[in-house]
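Shown next, in structure tokens, is the structure this report addresses.
The values are calculated or read from the model by the stated rules, or taken from the named source; none is laboratory data. Computed from a prediction, not measured in an experiment: that's the story for all the values here. Methodologically, a virtual Cβ is constructed for each residue, glycine included, from the backbone with ideal geometry; neighbour enumeration extends over all protein chains shown.
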């Protein structure tokens with residue numbers, strides 16, 4: 001099975017390896033371009049590549065030439081591309097790990113390889129320590145310190161998957177297990193259910209009339225590369241991408257206790273057990289039991305559980321309301337009231353940060369509007385990049401004015417959704433914005449975001465973001481730290497100061513729901529919520545499917561105790577439009 005994502009990855013790797021081996025820029029860029037073209041297609045190239053008229057059909061796609069079309073056909077037929085295998089063989093395997101170091105591009109890695117003999121991550125670390133890197137021309141101490149810091153950050157990030165990578169895998173597994181005869185209930189648990197931004201292993205729970213059949217189906221599913229544990233009540237497998245998945249088969253009557261236990265967090269569970277002990281009870285994955293004073297598990301002695309079938313009845317028996325999984329961190333969820341109106345995906349009405357083909361998006365104004373309407377949005381702000389984001393085809397002032405006119409013209413033609421003309425405006429390193437005020441004033445929405453100079457010291461970063469937050473024409477501060485989870489730390493401003501500046505300026509702070517960002521992060525959201533700062537959850541959509549990212553942003557918002565009244569995107573349309581107009 002060759003998906004568009006797989007094909008795009010092949011061409012992206014070809015481009016990287018060509019650059020590593022010194023190919024001319026035209027060949028490198030040509031392969032990168034094909035990768036971008038493939039990413040933006042909605043038609044299935046794998047199916048097209050297996051058709052009778054494959055070569056002609058593929059060449060008819062703008063941006064795909066004969067040579068690229070032949071590679072796509074070869075990959076669809078054989079699962080590999082000869083040219084790629086040849087390139088892989090010509091480059092030390094360890095360089096792929098070096099390429100993962102944040103901030104190191106193909107040209108730099110090639111230079112390290114050719115001029116300093118760096119062929120692995122171990123070589124790179126040794127080269128830093130023994131002075132080989134510092135001996136290279138134009139490789140100063142600051143650059144080397146940045147590389148060292150990036151390596152350490154990559155190591156601390158660990159072998160964890162982003163929420164947006166793990167969730168679809170878990171959902172596929174749930175769907176697969178639901179189709180197994182005899183299975184009654186299926187759910188994922190663990191850190192994924194709690195909505196953490198990165199996930200280690202996946203935990204799956206099932207109840208079934210036939211434990212042996214359920215376990216066998218789990219162990220023999222497509223994509224399993226290794227069976228780690230094979231039992232009727234517990235199985236563990238490793239999938240093709242390396243992630244470990246644990247399946248636990250539990251009796252129907254203990255479903256709630258098991259789901260609570262395997263959801264965690266560990267600290268939350270410990271606090272619950274201590275609470276139970278204080279009430280003369282004992283809590284484990286089989287239920288909440290009266291303490292009979294004996295050692296060992298109560299259920300093994302025939303003690304009848306007080307509560308076990310549902311999480312809510314266990315919480316109730318412990319004199320607690322049901323606590324949403326996202327709040328189970330043993331922070332203060334036992335002391336504070338659980339908000340009844342925590343934000344949900346169903347509450348979201350508006351998308352206030354999105355991109356079209358005018359900059360680096362994949363859809364036209366009309367196509368994005370229809371996609372947003374289909375996704376349930378009633379308001380869509382189109383905020384293409386400003387002029388300084390040249391790599392994203394940012395708009396100069398004339399293009400922006402024409403683009404705003406086109407958005408307003410489309411707004412009058414497309415029913416069922418209100419379109420707003422906006423821009424994602426770069427915040428420069430000194431805190432100034434990428435357009436003059438007269439340009440900003442003619443827009444409906446201004447999302448001000450940092451894209452460059454993301455290694456600023458905290459004081460400079462704080463001053464930069466606070467200046468933008470206080471600007472009278474800024475509506476939202478987009479992805480405030482500019483981080484990329486697991487690859488880039490981004491800015492480290494004084495969040496409390498930024499929150500104060502946003503409140504002072506009447507500006508909202510964004511949770512960027514792209515799973516690579518989730519910026520603001522949950523702890524920042526909590527600080528903003530506690531201070532009364534408005535939050536906007538946006539997908540930063542560049543394609544139709546990106547609108548589905550909203551669920552990751554909502555999970556982050558819930559972890560920060562974000563309630564419906566504090567989220568712009570959940571407001572009634574009239575109230576939102578009135579608020580946006582206040583700072584125009």
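Of the residues 254, 186, only one is more than 25 Å from residue 513 (Cα to Cα) and either touching a residue at least 40 places away in the same chain (Cβ under 8 Å) or crowded, with 22+ Cβ neighbours inside 10 Å (or both); which?
Going through 254, 186 in turn, just one is more than 25 Å from residue 513 (Cα to Cα) and either touching a residue at least 40 places away in the same chain (Cβ under 8 Å) or crowded, with 22+ Cβ neighbours inside 10 Å (or both): 254.
For the stretch 265-295, give me each residue that is outside any helix (DSSP H, G or I) and in contact (Cβ under 8 Å) with a residue 60 or more places away in the chain. Reasoning before the result, please.
Let us first name the residues in the stretch 265-295 that are outside any helix (DSSP H, G or I), namely 265, 279-295.
Correct list: 265 only.
For residue 544, indicate whether it is in the same structural domain as residue 424 (by TED's automatic domain parsing), surrounded by 24 or more Cβ atoms within 10 Å (Cβ to Cβ) and under 30 Å from residue 364 (Cβ atoms).
So residue 544 fails the test.
Here is a list: 400, 380. Which entry is free of Cβ contacts under 8 Å to residues at least 60 places away in the same chain, in contact with a helix residue (DSSP H, G or I) (Cβ under 6 Å, 6 or more places away or on another chain) and not assigned by TED's automatic domain parsing to the domain that holds residue 190?
Being free of Cβ contacts under 8 Å to residues at least 60 places away in the same chain, in contact with a helix residue (DSSP H, G or I) (Cβ under 6 Å, 6 or more places away or on another chain) and not assigned by TED's automatic domain parsing to the domain that holds residue 190 holds for just one of 400, 380, which is 380.
Out of (1) under 22 Å from residue 572 (Cβ atoms); (2) surrounded by fewer than 16 Cβ atoms within 10 Å (Cβ to Cβ), the odd one out for residue 405 is which?
Checking residue 405 against (1) under 22 Å from residue 572 (Cβ atoms); (2) surrounded by fewer than 16 Cβ atoms within 10 Å (Cβ to Cβ), the one that fails is (1).
Quick one: in the stretch 362-392, of everything that is assigned to a loop (DSSP other than H, G, I, E, B) and touching a strand residue (DSSP E or B) at 6+ places or on another chain (Cβ under 7 Å), which residue is surrounded by the most Cβ atoms within 10 Å (Cβ to Cβ)?
377
Suppose the filter is surrounded by 15 or more Cβ atoms within 10 Å (Cβ to Cβ) and in contact with a strand residue (DSSP E or B) (Cβ under 8 Å, 6 or more places away or on another chain); does residue 328 pass it? Don't jump to the end; show me each part of the working.
Values: surrounded by 15 or more Cβ atoms within 10 Å (Cβ to Cβ): yes; in contact with a strand residue (DSSP E or B) (Cβ under 8 Å, 6 or more places away or on another chain): no.
Against the criterion (surrounded by 15 or more Cβ atoms within 10 Å (Cβ to Cβ) and in contact with a strand residue (DSSP E or B) (Cβ under 8 Å, 6 or more places away or on another chain)), residue 328 does not qualify.
Which of the following residues is at pLDDT below 90 and assigned to a helix (DSSP H, G or I): 147, 169?
Just a single option satisfies the conditions, and that option is 147.
Being assigned by TED's automatic domain parsing to the domain that holds residue 405 and out of contact with any strand residue (DSSP E or B) (no Cβ under 8 Å at 6 or more places or on another chain) narrows it down to one residue among 507, 523, 539, 481; which is it?
Going through 507, 523, 539, 481 in turn, the sole match is 523.
From the list 554, 564, 525, pick out the single residue that is within 27 Å of residue 364 (Cα to Cα) and in contact with a helix residue (DSSP H, G or I) (Cβ under 7 Å, 6 or more places away or on another chain).
554 is the lone residue from the list that is within 27 Å of residue 364 (Cα to Cα) and in contact with a helix residue (DSSP H, G or I) (Cβ under 7 Å, 6 or more places away or on another chain).
Considering only residues of the stretch 282-295 that are farther than 11 Å from residue 256 by Cβ and buried (at least 17 other Cβ atoms within 10 Å of the Cβ), which is nearest to the chain's Cα centre (by Cα)?
Looking at the filtered set, the residue picked out is 284.
What about residue 500, is it closer than 23 Å to residue 400 by Cβ, in contact (Cβ under 8 Å) with a residue 12 or more places away in the chain and either in the same structural domain as residue 397 (by TED's automatic domain parsing) or within 21 Å of the chain's Cα centre (by Cα) (or both)? Outline the logic, then answer.
Numbers: closer than 23 Å to residue 400 by Cβ: no; in contact (Cβ under 8 Å) with a residue 12 or more places away in the chain: yes; either in the same structural domain as residue 397 (by TED's automatic domain parsing) or within 21 Å of the chain's Cα centre (by Cα) (or both): yes.
So residue 500 does not fit the description; no.
Looking at (1) touching a strand residue (DSSP E or B) at 6+ places or on another chain (Cβ under 7 Å); (2) closer than 22 Å to residue 162 by Cβ, which is the only condition residue 576 fails?
Here residue 576 meets the rest and fails (2).
Just wondering, is there one or more residues in the stretch 411-427 that are within 20 Å of residue 357 (Cβ to Cβ) and in a helix (DSSP H, G or I)?
Yes, the stretch 411-427 contains a residue that is within 20 Å of residue 357 (Cβ to Cβ) and in a helix (DSSP H, G or I).
I need a count of the residues in the stretch 452-464 that are in contact with a strand residue (DSSP E or B) (Cβ under 9 Å, 6 or more places away or on another chain) and closer than 12 Å to residue 483 by Cβ.
1
Tell me which residues, restricted to the stretch 307-337, are at pLDDT 95 or above and assigned to a loop (DSSP other than H, G, I, E, B).
Answer for the stretch 307-337, where residues must be at pLDDT 95 or above and assigned to a loop (DSSP other than H, G, I, E, B): 308, 309, 310, 318, 319, 320, 321, 322, 323, 324, 328.
Which residue, of 229, 224, 245, is farther than 24 Å from residue 513 by Cα and touching a helix residue (DSSP H, G or I) at 6+ places or on another chain (Cβ under 7 Å)?
245
Evaluate the stretch 55-72: report whether one residue or more is at pLDDT 90 or above and closer than 13 Å to residue 6 by Cα.
yes
Looking at 207, 233 in this structure, which one is surrounded by 15 or more Cβ atoms within 10 Å (Cβ to Cβ) and either farther than 22 Å from residue 160 by Cβ or at pLDDT 90 or above (or both)?
On the way: 233 fails: surrounded by 15 or more Cβ atoms within 10 Å (Cβ to Cβ).
The conditions single out 207.
Restricting to the stretch 296-306, give me the number of residues that are part of a loop (DSSP other than H, G, I, E, B) and within 45 Å of the chain's Cα centre (by Cα).
Result for the stretch 296-306: 6.
For the stretch 428-437, state whether one or more residues are in a helix (DSSP H, G or I), out of contact with any strand residue (DSSP E or B) (no Cβ under 6 Å at 6 or more places or on another chain) and modelled with pLDDT of 95 or more.
Within the stretch 428-437 (the criterion being in a helix (DSSP H, G or I), out of contact with any strand residue (DSSP E or B) (no Cβ under 6 Å at 6 or more places or on another chain) and modelled with pLDDT of 95 or more), the answer is yes, since at least one residue qualifies.
Can you tell me which of 199, 128 is in contact with a strand residue (DSSP E or B) (Cβ under 9 Å, 6 or more places away or on another chain) and outside the structural domain of residue 513 (by TED's automatic domain parsing)?
Testing whether each residue is in contact with a strand residue (DSSP E or B) (Cβ under 9 Å, 6 or more places away or on another chain) and outside the structural domain of residue 513 (by TED's automatic domain parsing) leaves just 199.
Counting only residues that are within 14 Å of residue 176 (Cα to Cα) and assigned to a loop (DSSP other than H, G, I, E, B), which one in the stretch 195-224 is farthest from the chain's Cα centre (by Cα)?
The residue in question is 220.
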